[in-house]
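Undergrad: So that we are looking at the same thing, I have put the structure below in structure tokens.
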Amino acid sequence: MTKHKFTVTAPRGMLPLLEDEFRQLGIKHYKVEVGSIRFTGSLKEAYQLCLWSRVAVRVLMPITHFLAETTEQLYDGIKHIPWEDHIDAEDTTLAVDFNSFRSKIHHTQFGAQKVKDAIVDRLRELSGSRPSVDLYQPDLRVNVYLKHNQAIVSIDLSGESLHKRGYRVSQTNAPLKEHLAAAILLSAEWPKLAREGWALLDPMCGSGTFLIEAAMIAADIAPGLQRDYFGFLYWKQHDKAAWQQLKADAERRRLSGLARLPVIVGGDQDKTAVAAAQSNIEAAGLNDRIQVIHRDVQQWSTVAQTLPEAGLLVSNPPYGQRIGETAALHEIYEDLGDLVNQQLPAWRTTLITDNAQLGKFTGLTLFDSKPFDNGPIACEVLSYRAPKPLRRDGKPVQQESMIAASPWDNARKTVSKKTAATSDPSLISGSMSAHAEMFANRLKKNARHLAKWARKNQLQCYRVYDADLPDYAVAIDIYGDYVHVQEYAPPANIDPLKASERLDEVMKVVPAVLAVAAENVVLKLRQKQRGTNQYEAQAALRQRFEVEENSLRFWINLTDYLDTGLFLDHRITRQMLAETARNKTFLNLFAYTGSATVYAAAGGAKSTTTVDMSNTYLGWAKDNMQLNGFVGEQHRYIRADILAWLDEQSTGDLRFDLIFVDPPTFSNSNKMEGVFDIQRDHITLLQKIAGLLTAEGEIFFSTNRRDFRLDTEALTGLQIKDISKATLPVDFERNPKIHYCWRIRKSA
């Protein structure tokens, strides 16, 4: 892969945030300088920054540098560059940005003119044609920076400032620029707070910039996804395939992230500002996710009572330069402080101001201050502690019913318009492709058939669609009144943009066909998991609800993790465990949320031991047991690295009549030693487990690795029976490789 040098610029105060973005994107070879970060990498990495950076202004690709003490040297140096490699001469457009620092050529307009003349003259001499000038959105934007008489010539891959996201269709006076709003939110730890389900309020929202940027951050929406112009799009060396793949991935992440969006509310005393904010929110595709109301800052008490307990109030109050004497602003800051102190005491507050002294009138406790420029105005971002922060003990929030009973549901009912759910694919057929109608019809047919089967078998959770049509490679599971959609990663030979369009159609069809509200459909992107990714939370909303399976009850979480807490394909396997467990000692290894333990206890197990290396999953398993009334000393929960724990037990007297083991395919978690690979390590694992069996004991062993091969010859001294087909539920018949399962005993 060809490597290039790039320069990425950002305003004062934002370079540390830009460096964070470099790390998140996996860009390693970079150097932080004054006002910019230089790095060496691929075009794809430069495109990633154009698409995903929330704080960068420009992404430049230097192509040469030379001495330019005179206009003749500047002209000759520019003309010597092979511009025909970058732009065609005919029916194209060109623009030049020229800046000078401590150089003999200091007139920027004159310098830009000489650069443009040199490019045009070269192309005209080669072809007889020349590009025209377009200062707005040219096919090629050239950047020349003359520093100490050294001209650095770059292709501007961004084309125009990256703060232009594409959603601002309405303006108010002195609006906050998008990248500044994003930088303030990042500095206020909004990504972390949003993952934990904190709400956001801007009671002086103007044109809605904070609200939109906050939603894009929380929903993992690329800030450049809606832009229809970048400087590389018409550049002759543009890598179209890489760009299409990046855009498609970003679109899938957007669809998935919207399911995790917390409450975001704004308002303003100016009706014109409210209308502008609503227009911009609609242009951003978030009009059903963000609510804006016409309200003075002193009149938020009623709405504040409906908001979640924890949240972030962020605002850009008016500056003295804009409305007159600074003294007139005291009241505004006092009102903001009163709102937090009296109505939102567990909320943090972040404000941007040109006069930090005004912040004292809030009566809040300042804990951080950062310098940022709002255009030509030097400002400070002030962050205040919550007056009475909530106790954070790390325990899961206990919800007594469905997700609708989450801590902020009352707020959503108050400030959001719900979409009525109707089972009628015809409502969308007029705007959908013929392929989408085929998908809708297949989903409707499956749902009608499987719903009857589920009712008959007392199941609230089942799979209703599993990549039945190749163009719609998703798995769709019903969990009571909610739907969980998982996208299988599209094959490399599939047009990524087409795959993204198909996924968008899925998310429109599913609510209509299955008669659920759109906000009750959660999308996950199913990728191959490596390293610690399999253990990382998708969010930390702690929204969980209760479902039933065979008269047993389980906690489900659709938003926070890649999986939901209940592997539906193991339904029959769990039933077999229950039928086998009476009066037996039961061991559940790699226990996850303990559903197998619940079934064993329900089947009359004498004792249960549940082992996992995750405290989160062990707590979840214990909650599932308690939900079904299984409590007492006979039920043990052990946090341990399974392999190390098995070694420890090998010299003891602990033995079990029934053992269930469903290991991960791969793991190198920092909580365990070494790397575990199920294909390579299953022989050693099963031999160790067999050592814990009683004479008549039995192991149920399962794996979901599709290409797994059990080495029966190496497992000497064991009787092995393949029960994979017998444990395949009706709703997974299309996917017979969803798991493999064996019953294993010691040989007589």
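Undergrad: Suppose we filter Glu673, Glu633 for residues that are modelled with pLDDT under 90 and in a loop (DSSP other than H, G, I, E, B); which single one remains? Talk me through it step by step, then tell me what you get.
TA: On the way: Glu633 fails: modelled with pLDDT under 90.
Step by step, each of Glu673, Glu633 is checked, and only Glu673 is modelled with pLDDT under 90 and in a loop (DSSP other than H, G, I, E, B).
Undergrad: Here's a follow-up. Could you please find all residues in the range 87-102 being under 16 Å from Val133 (Cβ atoms) and surrounded by 13 or more Cβ atoms within 10 Å (Cβ to Cβ)?
TA: Residues of the range 87-102 under 16 Å from Val133 (Cβ atoms): 87-98.
Correct list: Ile87, Asp88, Ala89, Thr92, Thr93, Leu94, Ala95, Val96, Asp97, Phe98.
Undergrad: Can you tell me which residue among Asp471, Asp477 is modelled with pLDDT of 95 or more and either touching a His at 6+ places or on another chain (Cβ under 6 Å) or in the same structural domain as Leu246 (by TED's automatic domain parsing) (or both)? Please lay out each step first, then the result.
TA: On the way: Asp471 fails: modelled with pLDDT of 95 or more.
So the residue among Asp471, Asp477 that is modelled with pLDDT of 95 or more and either touching a His at 6+ places or on another chain (Cβ under 6 Å) or in the same structural domain as Leu246 (by TED's automatic domain parsing) (or both) is Asp477.
Undergrad: Would you say Gly320 is modelled with pLDDT under 90 and either assigned by TED's automatic domain parsing to the domain that holds Asp504 or of a type outside the set (S, T, N, Q) (or both)? Step through it out loud before you land on a result.
TA: Details: modelled with pLDDT under 90: yes; either assigned by TED's automatic domain parsing to the domain that holds Asp504 or of a type outside the set (S, T, N, Q) (or both): yes.
So Gly320 fits the description; yes.
Undergrad: Tell me, yes or no, whether the range 711-719 has at least one residue that is farther than 28 Å from Arg655 by Cα, out of contact with any Leu (no Cβ under 6 Å at 6 or more places or on another chain) and of a type outside the set (Val, Ile, Thr).
TA: Let us first name the residues in the range 711-719 that are farther than 28 Å from Arg655 by Cα, namely none.
There is no residue in the range 711-719 that is farther than 28 Å from Arg655 by Cα, out of contact with any Leu (no Cβ under 6 Å at 6 or more places or on another chain) and of a type outside the set (Val, Ile, Thr).
Undergrad: Determine whether Ala181 is crowded, with 20+ Cβ neighbours inside 10 Å, within 23 Å of Asn316 (Cα to Cα) and either in contact with a Leu (Cβ under 6 Å, 6 or more places away or on another chain) or polar (S, T, N, Q) (or both). Before you say what the answer is, go through the steps one by one.
TA: Working: crowded, with 20+ Cβ neighbours inside 10 Å: yes; within 23 Å of Asn316 (Cα to Cα): yes; either in contact with a Leu (Cβ under 6 Å, 6 or more places away or on another chain) or polar (S, T, N, Q) (or both): no.
Against the criterion (crowded, with 20+ Cβ neighbours inside 10 Å, within 23 Å of Asn316 (Cα to Cα) and either in contact with a Leu (Cβ under 6 Å, 6 or more places away or on another chain) or polar (S, T, N, Q) (or both)), Ala181 does not qualify.
Undergrad: Restrict the check to the range 441-462 and report whether at least one residue is outside the structural domain of Arg254 (by TED's automatic domain parsing), within 27 Å of Gln245 (Cα to Cα) and at pLDDT below 90.
TA: Going through the range 441-462, the residues outside the structural domain of Arg254 (by TED's automatic domain parsing) turn out to be 441-462.
Narrowing further to those that are within 27 Å of Gln245 (Cα to Cα): none.
Taking every residue of the range 441-462 in turn, none turns out to be outside the structural domain of Arg254 (by TED's automatic domain parsing), within 27 Å of Gln245 (Cα to Cα) and at pLDDT below 90.
Undergrad: Something else now. Could you pull out the residue among Thr40, Thr108 that is among the polar types (S, T, N, Q), touching a Lys or Arg at 6+ places or on another chain (Cβ under 7 Å) and either more than 22 Å from Leu246 (Cβ to Cβ) or surrounded by fewer than 20 Cβ atoms within 10 Å (Cβ to Cβ) (or both)? Outline the logic, then answer.
TA: Numbers: Thr108 fails: touching a Lys or Arg at 6+ places or on another chain (Cβ under 7 Å).
The match here is Thr40.
Undergrad: Quick one: is Leu60 over 26 Å from Thr108 (Cα atoms) and either in the same structural domain as Thr209 (by TED's automatic domain parsing) or out of contact with any Gly (no Cβ under 7 Å at 6 or more places or on another chain) (or both)? Show your work before the answer.
TA: Numbers: over 26 Å from Thr108 (Cα atoms): no; either in the same structural domain as Thr209 (by TED's automatic domain parsing) or out of contact with any Gly (no Cβ under 7 Å at 6 or more places or on another chain) (or both): yes.
Answer is no for this residue.
Undergrad: Could you list all residues from the range 427-439 that are out of contact with any Ser or Thr (no Cβ under 7 Å at 6 or more places or on another chain) and either surrounded by fewer than 17 Cβ atoms within 10 Å (Cβ to Cβ) or more than 19 Å from Phe732 (Cα to Cα) (or both)? Reasoning before the result, please.
TA: So the first thing to find is which residues in the range 427-439 are out of contact with any Ser or Thr (no Cβ under 7 Å at 6 or more places or on another chain), and the list is 427-436, 438-439.
Selection gives Leu427, Ile428, Ser429, Gly430, Ser431, Met432, Ser433, Ala434, His435, Ala436, Met438.
Listed here are the residues, each with its yes/no results for (1) charged (D, E, K, R); (2) farther than 18 Å from Ser187 by Cβ; (3) touching a Cys at 6+ places or on another chain (Cβ under 9 Å).
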position	(1), (2), (3)
Glu331	yes, yes, no
Arg348	yes, no, no
Leu358	no, yes, no
Leu364	no, no, no
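Undergrad: Also, I was wondering about something else. Of all the residues that make up the range 227-279, how many are under 17 Å from the mean Cα position of the chain (by Cα) and hydroxyl-bearing (Ser, Thr, Tyr)?
TA: 1
Undergrad: Might you check whether a residue that is modelled with pLDDT of 50 or more, in contact with a strand residue (DSSP E or B) (Cβ under 7 Å, 6 or more places away or on another chain) and polar (S, T, N, Q) occurs anywhere in the range 339-349?
TA: So in the range 339-349, the residues modelled with pLDDT of 50 or more come out as 339-349.
Remaining after also requiring in contact with a strand residue (DSSP E or B) (Cβ under 7 Å, 6 or more places away or on another chain): 340, 344, 347-349.
Going one step further and asking which of them are polar (S, T, N, Q), we end up with 349.
Taking every residue of the range 339-349 in turn, at least one turns out to be modelled with pLDDT of 50 or more, in contact with a strand residue (DSSP E or B) (Cβ under 7 Å, 6 or more places away or on another chain) and polar (S, T, N, Q).
Undergrad: Every residue in the range 369-384 that is surrounded by 14 or more Cβ atoms within 10 Å (Cβ to Cβ) and within 14 Å of Ala188 (Cβ to Cβ), please. Steps first, please.
TA: Keep residues of the range 369-384 that are surrounded by 14 or more Cβ atoms within 10 Å (Cβ to Cβ), which gives 370, 372-374, 377, 379-384.
Across the range 369-384, the qualifying residues are Lys370, Phe372, Glu380, Val381, Leu382, Ser383, Tyr384.
Undergrad: Here's another thing I want to ask about it. Residue by residue through the range 208-224, note down the ones that are surrounded by 24 or more Cβ atoms within 10 Å (Cβ to Cβ) and either at pLDDT below 95 or at positive phi (or both).
TA: Listed by number, the list holds a single entry, Gly208.
Undergrad: Does Lys31 satisfy the condition of being part of a strand (DSSP E or B), over 27 Å from Arg254 (Cβ atoms) and touching a residue at least 40 places away in the same chain (Cβ under 8 Å)? Step through it out loud before you land on a result.
TA: On the way: part of a strand (DSSP E or B): yes; over 27 Å from Arg254 (Cβ atoms): yes; touching a residue at least 40 places away in the same chain (Cβ under 8 Å): no.
Against the criterion (part of a strand (DSSP E or B), over 27 Å from Arg254 (Cβ atoms) and touching a residue at least 40 places away in the same chain (Cβ under 8 Å)), Lys31 does not qualify.
Undergrad: Counting only residues that are buried (at least 24 other Cβ atoms within 10 Å of the Cβ) and aromatic (Phe, Trp, Tyr), which one in the range 584-611 is farthest from the chain's Cα centre (by Cα)?
TA: That would be Phe586.
The values are calculated or read from the model by the stated rules, or taken from the named source; none is laboratory data. For clarity, every value in this text was computed on a predicted model and none was experimentally measured. Please note: Cβ atoms are built from the backbone with ideal geometry, for glycine as well, and neighbour counts cover all protein chains shown.
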